[in-house]
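Here the structure comes first, spelled out in structure tokens, and everything after it is commentary.
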Amino acid sequence: MTTFADLTSRLRVPVLASPMFIISTPDLVIAQCTAGIIGSFPALNARPQSALRDWLKLITVAREEHDRQHPETPSAPFAVNLIVHRSNNRLEEDLATIAEFEVPIVITSLGARTDINDAVHAYGGIVLHDVIDNRFARKAVEKGADGLIAVAAGAGGHAGTQSPFALIREIREWFAGPVLLSGAIAHGDSILAALAAGADLAYVGSAFIATEEANADPAYKEMIVGSGASDIVYSNLFTGVHGNYLRGSIEAAGLDPDNLAESDPSAMSFATTDTDAKAWRDIWGAGQGIGPIDAVLPTHAVVERLAAEFEAARERICRL
């Protein structure tokens, strides 16, 4: 069985690019992997469900071609995100397709299930489960997750409220397996800080919205470039689960970001239908770490920036 260490041993920079609804498509994933970081996408982005097989074939072939042409810098592995919540009526089909292609890393969200973990383990894959607190972390590991993604305060999309230092330290008190840290990470300094805090990789999303390969409205990309931490609004109105969104997109939808209603959590909706997806097309998610993003760039340029910042941060710390 391939280990987490095997999958991450040759990364350009210790980063897994988080799966972003609508935004992450094969173009972005391929660009991330060939730039030297783990790319990912939500299975639900491939619509209809039959398109998931096409996407996985496209990513697999592109990575293989890159590796043939660039044996000295082989591509990084990729991951697919499964929404385990009961509203996802195509979960079993997506899991079967993922198993067919033996996707190396599966990210599970909004529910942990032993049978899903077992199915991924059966072909040699690794399961990472995202959590917002230590209680959910323990449940995920008890049900067979190989690693955890600690989604701390400031992360884009569905995010927790705990400090990254508090969350990862509580997890590391009992768990020695792979841990990724998410929350306002869009600079090489922050990647190093995540590792220093106890993470194995940083989980980076919003920095890749403002890239040429991202499947995002050009206005969305420009809003990322022009916004900072104070422009992020935390609300559960749009899906029933609290998440971070760009103030400008909420205002553009005719809503007052300072006076948003509370949604009923029992009516959770995670964009499993076209109607659900409309909220994500109109209300744009982003994390608090978008301040350093000052231009729309090719993905490889973003990875190069992160790598240079990360190395500079390491050198600075070594001099202390």
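Listed residues Ala186, Ala150, Ala155; which is in a strand (DSSP E or B) and either under 18 Å from the mean Cα position of the chain (by Cα) or within 20 Å of Phe41 (Cα to Cα) (or both)?
None of the others qualify; the one that does is Ala150.
The rows are residues; the columns are (1) modelled with pLDDT of 95 or more; (2) closer than 19 Å to Leu28 by Cβ.
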| position | (1), (2) |
| --- | --- |
| Ser75 | yes, yes |
| Ser87 | no, no |
| Ile105 | yes, yes |
| Thr108 | yes, no |
| Ala159 | no, no |
| Gly177 | yes, no |
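Return the residues of region 91-133 that are surrounded by fewer than 19 Cβ atoms within 10 Å (Cβ to Cβ), of a type in the set (A, V, I, L, M, F, W, C) and without any contact (Cβ under 8 Å) to a residue 40 or more places away in the chain; say none if nothing qualifies.
Passing the criteria: Ala96, Ala99, Ala119, Ala122.
Among the candidates Pro77, Pro26, which residue alone is over 22 Å from Gly243 (Cα atoms), touching a residue at least 60 places away in the same chain (Cβ under 8 Å) and under 18 Å from the mean Cα position of the chain (by Cα)?
Exactly one residue qualifies, and that residue is Pro77.
Considering (1) in contact with a Pro (Cβ under 6 Å, 6 or more places away or on another chain); (2) touching a residue at least 60 places away in the same chain (Cβ under 8 Å), say which one Asp146 fails and leave the rest.
Here Asp146 clears every test but (1).
So in region 134-151, with the set limited to residues that are more than 15 Å from Ala176 (Cα to Cα) and touching a Ser or Thr at 6+ places or on another chain (Cβ under 9 Å), which one is surrounded by the most Cβ atoms within 10 Å (Cβ to Cβ)?
That would be Val151.
I'd like to check something: does region 40-47 contain any residue that is of a type in the set (Gly, Ala, Ser), out of contact with any helix residue (DSSP H, G or I) (no Cβ under 6 Å at 6 or more places or on another chain) and more than 22 Å from Ala207 (Cβ to Cβ)?
No, region 40-47 contains no residue that is of a type in the set (Gly, Ala, Ser), out of contact with any helix residue (DSSP H, G or I) (no Cβ under 6 Å at 6 or more places or on another chain) and more than 22 Å from Ala207 (Cβ to Cβ).
Name the residues in region 263-301 that are at pLDDT 95 or above, part of a helix (DSSP H, G or I) and out of contact with any strand residue (DSSP E or B) (no Cβ under 6 Å at 6 or more places or on another chain), would you?
Gly289, Ile290, His300, Ala301
Do any residues in region 207-223 that are modelled with pLDDT of 95 or more and of a type in the set (Ser, Thr, Tyr) have Cβ atoms under 9 Å from those of residues that are part of a loop (DSSP other than H, G, I, E, B) and crowded, with 22+ Cβ neighbours inside 10 Å, where the two are at least six apart or on different chains, and which pairs are they?
Tyr220/Ile23; Tyr220/Ile209; Tyr220/Ala210; Tyr220/Ala214; Tyr220/Trp284; Tyr220/Ala286
Of everything in region 1-41, what is of a type in the set (Val, Ile, Thr), part of a helix (DSSP H, G or I) and in contact with a Gly (Cβ under 8 Å, 6 or more places away or on another chain)? Give them in sequence order.
Val29, Ile30
Find the residue count for region 46-74, including only residues that are within 20 Å of Asn215 (Cβ to Cβ) and hydroxyl-bearing (Ser, Thr, Tyr).
Of the residues in that region, 2 qualify.
The values are calculated or read from the model by the stated rules, or taken from the named source; none is laboratory data. Note that the structure is a prediction, hence the values are computed from the model and not measured. Neighbour counts are summed over all protein chains in view; Cβ atoms, including those assigned to glycine, are modelled from backbone coordinates with ideal geometry.
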